[in-house]
Amino acid sequence: MAATQRSIQFQESLAAWAFISPLLLGFGLFFLGPLIAIFGYSLMEWNILSQQSTFVGLDNYQDILFGDTEFWTVLRNSLVFAGGLVPLNVALSLALALALNKAFRGVIVFRTLFFAPVVTAGAAWAIVWTFLLQNESGGINQMLALVGIEGPNWLREPDWAMVSVIVTRVLKNVGLNMILYLAALQTISRDYSEAAVLDGASRWQIFRNITWPLLAPTTLVITIVTVVGSLKVFDHIYLMTNGGPENATLVLAYYIYERAFEFFQVGYASALAVVLFFVTLMLTLAQWMLKRETD
């Protein structure tokens, strides 16, 4: 009897491993394998043109931290980009979700309109906004000129380039977080707000004391995903500013590309990728710890 039970358990385990093996194989080939390779490449000096590689140990990391003054500018730009994009994205997506969580004529149309940029190709979105943000011929400055305002050269002035990239990136992805907030709002029972109204609570008090705390798990997920996405942004920077002007929008993801495929320093670029990985990991862990302390 015991042998039969063990045989059944073995067959069930075998079937389970057979079902998950494609996922594990894909994970190993396309995530774990490249991740290990990046760590290995970061310990080498490898020029892809000459195909010559030399083991240099931690020299690449030493150069990044102590020899590359441009790295600190790049790191600051990445943190500024994330620090501007994440709060704006979360706040705007929450505001849209609250506004569109009510039943009114045309609500489905508005939800679709705000979600449409999410499924639009990122390259097409960036190219269109590049034309709109041109100096004199751009649509934005032409509209400002109608009311007597002279708009700046949005993508060619250091003070405005980062703002422009952040705002266009937010508009591109805010619809996804809006949908996540909408889903979370529709799981909140109306009994809470109805009871609060009977007790004389205002709309702001209901939001602050009931809705917002119940949205905390969704907010944590949205924040983590948005932070990770903001740190690895590449297409918008590449198509709209190329890291300029004067390195004002040069972020880590683009800097890695530049080092690897323009200067052909694969080992150094791999070390930068490892640094980006740990920066993202530390920020994610910090958010988890902050959430646990506030619970």
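The values are calculated or read from the model by the stated rules, or taken from the named source; none is laboratory data. Just so it is clear, the model here is predicted, and its values are computed rather than measured. So basically every Cβ, Gly included, is an ideal-geometry build from the backbone, and we count neighbours across all protein chains shown.
Things worth noting here:
- Within region 261-270, the set of residues being without any contact (Cβ under 8 Å) to a residue 12 or more places away in the chain and either among the basic types (Lys, Arg) or assigned to a helix (DSSP H, G or I) (or both) comprises PHE261 only.
- Looking only at region 90-124, and only at residues there that are touching a Leu at 6+ places or on another chain (Cβ under 8 Å) and not in a helix (DSSP H, G or I), the one that is surrounded by the most Cβ atoms within 10 Å (Cβ to Cβ): LEU100
- Segments classed as helices (runs of 4 or more DSSP H), wholly inside region 148-234, with at least 1 members that are polar (S, T, N, Q), at negative phi and touching a Lys or Arg at 6+ places or on another chain (Cβ under 8 Å): 216-231
- Among the candidates LEU75, LEU49, the residue that is among the aliphatic types (A, V, I, L, M) and outside any helix (DSSP H, G or I) is uniquely LEU49.
- Qualifying residue in region 167-186 (condition: assigned by TED's automatic domain parsing to the domain that holds ARG76, out of contact with any helix residue (DSSP H, G or I) (no Cβ under 9 Å at 6 or more places or on another chain) and either buried (at least 19 other Cβ atoms within 10 Å of the Cβ) or free of Cβ contacts under 8 Å to residues at least 40 places away in the same chain (or both)): no
- Which numbered condition THR249 fails, given (1) assigned to a helix (DSSP H, G or I); (2) buried (at least 19 other Cβ atoms within 10 Å of the Cβ): (1)
- Summed over region 252-280, the residues that are surrounded by 22 or more Cβ atoms within 10 Å (Cβ to Cβ) and acidic (Asp, Glu) give a count of 0.
- Filter pass, PRO22 being at pLDDT below 90 and within 23 Å of the chain's Cα centre (by Cα): no
- Residue in region 271-288 that is among the β-branched types (Val, Ile, Thr), free of Cβ contacts under 8 Å to residues at least 40 places away in the same chain and assigned to a helix (DSSP H, G or I) present: no
- Scope region 64-89; condition among the charged types (D, E, K, R) and surrounded by 17 or more Cβ atoms within 10 Å (Cβ to Cβ); matching residues: ASP68
- Every test in (1) over 16 Å from VAL167 (Cβ atoms); (2) free of Cβ contacts under 8 Å to residues at least 60 places away in the same chain; (3) not hydrophobic (A, V, I, L, M, F, W, C) is passed by ARG111 save one, and that test is (2).
- If you go through region 90-108 and pick out every residue that is of a type in the set (Val, Ile, Thr) and without any contact (Cβ under 8 Å) to a residue 60 or more places away in the chain, you end up with 2.
- Looking only at residues in region 52-63 that are touching a residue at least 24 places away in the same chain (Cβ under 8 Å) and outside any loop (DSSP other than H, G, I, E, B), the one that is surrounded by the most Cβ atoms within 10 Å (Cβ to Cβ) is ASN60.
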